[in-house]
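Please read the structure below before turning to the comments.
The values are calculated or read from the model by the stated rules, or taken from the named source; none is laboratory data. All values derive from a computational prediction rather than experimental measurement. Please note: Cβ atoms are built from the backbone with ideal geometry, for glycine as well, and neighbour counts cover all protein chains shown. Surface areas here come from the heavy atoms of the whole protein model, side chains and all, with no ligands, DNA or RNA. Shrake-Rupley method; radii C 1.70, N 1.55, O 1.52, S 1.80 Å.
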Amino acid sequence: MSIRLLDNSLQVTIYYDECDCDYEDNICISIVEDCPEEEKIFRHDETNIYLTAEQAIQLIQALTNATSDSKLPQHGD
């Protein structure tokens, strides 16, 4: 699944990396930046962060909690 952020200049893709199936941290968050060098958040055009399943669940919970705490209107409001 890919999500585009920051006026589409940042692409975040999350996937199970079959090549790393022998490792616990086989869930990849790939971040690709398509913007001028001075606007980049990371040092490289692509950054990969690998998580374990437990860490991925913690990330989901943190995002869910932040969404619940958000003061922005929810879909359908």
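In nm, to one decimal, how far is the modelled label at residue 29 from the one at residue 49, with both set 7 Å along Cα→Cβ?
0.3 nm
Can you give the relative contact order of the chain as a percent, counting alpha carbon pairs under 8 Å and 6+ residues apart? Before the final figure, lay out each step's value.
Details: 87 pairs, mean separation 17.2, N = 77.
Relative CO of the chain lands at 22 percent.
Figure the gain on full extension for residue 59 and residue 40 (residue separation times 0.36 nm, minus the Cα-Cα span) and round it to one decimal in nm.
Details: separation 19, 0.36 × 19 = 6.84 nm, distance 2.32 nm.
Length gained, residue 59 through residue 40: 4.5 nm.
Once you sort the root eigenvalues of the Cα gyration tensor of the chain as a ≥ b ≥ c, which label holds: rounded (a/c under 1.5), prolate (a/b larger than b/c) or oblate (the other case)? Could you put the intermediate results ahead of the total?
Details: a/c = 2.36, a/b = 1.09, b/c = 2.16.
Taking the square roots of the gyration eigenvalues as a ≥ b ≥ c, the chain is oblate.
Would you work out what percent of the accessible area of the range 5-77, with all protein chains in place, is carbon or sulfur (probe 1.4 Å)? All intermediate terms of the calculation are to be shown ahead of the outcome.
On the way: 3100 of 5940 Å².
Summing carbon and sulfur atoms, their accessible area is 52 percent of the total for the range 5-77.
Report the one residue of 66, 36, 3 whose Cα lies farthest in the direction of the positive end of the charge dipole of the chain (charges on C-beta: Lys and Arg +1, Asp and Glu -1; origin at the Cα centre).
Of the candidates, 66 comes out farthest on the positive side.
Tell me the per residue accessible area of the chain using a 1.4 Å probe; a whole number in Å² is fine. All intermediate terms of the calculation are to be shown ahead of the outcome.
Details: 6350 Å² over 77 residues.
Using a 1.4 Å probe on heavy atoms only, each residue of the chain averages 82 Å².
Only loop residues by DSSP count here, and only those with at most 13 other Cβ atoms within 10 Å; note down the trypsin sites (Lys or Arg not before Pro) in the chain that meet that.
Working: sites: 4, 40, 43, 71; in loops: 40, 43, 71.
Answer by residue number: 43, 71.
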